[in-house]
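Comments concern the structure below.
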Amino acid sequence: MHGFHSTPRRQGLPFYLLASVFKASTTLEIARTAGRIVLTFVPVILLKNHKSRKYLKFADIKGIPTSEEKKTQLLKRIRNRTILFHILLLIPASLFWLTIIASMERTPLTGRWRLIILSPEEEDDIATQLAGPGWYKAVDDILAQDGPTRYIPPSDWRYEWIRNTLRSLEGTLPILIQERELCPDWVEHGPHNQPLPPPAEYPLRPRPRASETLRRMCSAMCERTAPPIPHAVAGPPYSLLVVDKPEASNAFSYGFGPDGGGGIVVYSGFIDEILARSPCDSVTVPEQQSWWSLLLGRSSSSSHPIPSERQKTEMAILLAHELSHLILSHHLETLSSGTVIIPGTLSILSDVLRVFIFPFTMLFGPFVNDALAQLGRVGSGELVKVGDYCTSVAQEIEADVVSARLLAHAGYDVREAVSFWEERATSATECAHAESIDGATTKADSLARRIMGASHPMNEVRVDRLKSELVRWETERRAALLKREHGAQESSIVLAAA
């Protein structure tokens, strides 16, 4: 007698097929091309239907004898052309919305919906270009726009300080993958000690590589168990550069991918600022040179200040913010939004608008069309700036929220981050992406801010959101304590009744 088993449902198959086919920047370009082809035939279809309806209406008014067979034939042609019209419009619209749906994803740790219209293969190409020395070359090209760049060597105490702090923060990333299992005692950390965050509803997960996506799709088609998600985020150890620029009190993150494809750039002006704001613990005394080192001509190591605990915390706060941009793949989101989503969508809308206004503009010759096209390009550029500004605002707030988790798991008091960003809010300095470190982008942000009607400075909004996040931590902690106490009481009642 043979046993029977139920066939597992292939629920994940449609999603994997959808994501593998439509989640790519080329799909949006295909939708745009299909839309242009369709819009080429749309005026012809509309004009023919208009001509047929006008003929039937004129025949009824003037009493022109028309056979029923001809009327039926004309109505059938109108109906067929209308069906063709809807089918033609449905093709690019379906491609567009399938691309949007397949590219939607939840941001790790925060759960924000976002769009990244890049296939795993395209993400792998970006990571390959930035891996190893590629990141340093790309960042050097960015910094070279402001003139010659001086770097602080890795042997400098300032570089070592930043690197050690960054590596310490990177050590907390495995906790973000399994917060619920690795931090079960988070409810015990209340306002009287260093608070810990509640486990995130959307844990940190590595972005799927092209090979992993293919394996998952094949497993779903063959009704096999999907391979487990890797328990390591492809990225650490991240690259690091310290720029010797005292007038710049800032830092930025850039890149994506393993093998140093992402990293952080810190300006020496920020180090000088935090060292000047509070006293150091002490100053190291250079070691006395031996006769052998004097004979070889080696110079003695210069003395340097030893950062205090507050200064170490401020450095960790800045690095945690930039590290959050990297682990959330904000560079990919910015790249997708600025080069694929916004320009592609605006191009499609521009094509539709040009088709509808063409009957009017063709009467005034080619110069009016050229002027309208130029006006459209300028308007599209401003809308792209607005979109970039909105994306940047959301990412900065999100990085603040996630950096609080990093700091808490690394042993820092997160409440000091609020004071740090409040002090930064009073100054003109703030953290930035590599794409926004020049003056042109600052002007674009100001214009976008005016268009969006933003009345509050960016830093003040960030501080308020960070405070709200800490309040949420405490609220969830109290709710978890109450739930645990009520659960213990119910258990004791059940045991007493037994």
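The values are calculated or read from the model by the stated rules, or taken from the named source; none is laboratory data. Since the model is a prediction, treat every value here as computed from it, not as a measurement. In this analysis, Cβ positions are derived from the backbone assuming ideal geometry, glycine residues included, and neighbour counts consider all displayed protein chains.
General observations
- Subset of segment 143-159 [closer than 21 Å to Cys280 by Cα and loosely packed, with under 11 Cβ neighbours inside 10 Å]: Ser155
- Of the residues making up segment 95-146, just one is free of Cβ contacts under 8 Å to residues at least 24 places away in the same chain and among the small types (Gly, Ala, Ser), namely Ala144.
- Boolean, Glu201 is modelled with pLDDT of 65 or more and either part of a loop (DSSP other than H, G, I, E, B) or among the basic types (Lys, Arg) (or both): yes
- Criterion: surrounded by 14 or more Cβ atoms within 10 Å (Cβ to Cβ) and at pLDDT below 95 - qualifying residue of Ser336, Ser302: Ser336
- Here Trp186 meets the list (1) without any contact (Cβ under 8 Å) to a residue 12 or more places away in the chain; (2) farther than 30 Å from Leu28 by Cα almost entirely, failing just condition (1).
- One residue from Ser103, Ser67, Ser52, Ser94 being among the polar types (S, T, N, Q), touching a Leu at 6+ places or on another chain (Cβ under 7 Å) and more than 30 Å from Ala404 (Cβ to Cβ): Ser52
- Residue check for Val44: over 26 Å from Thr339 (Cα atoms) and modelled with pLDDT of 85 or more: yes
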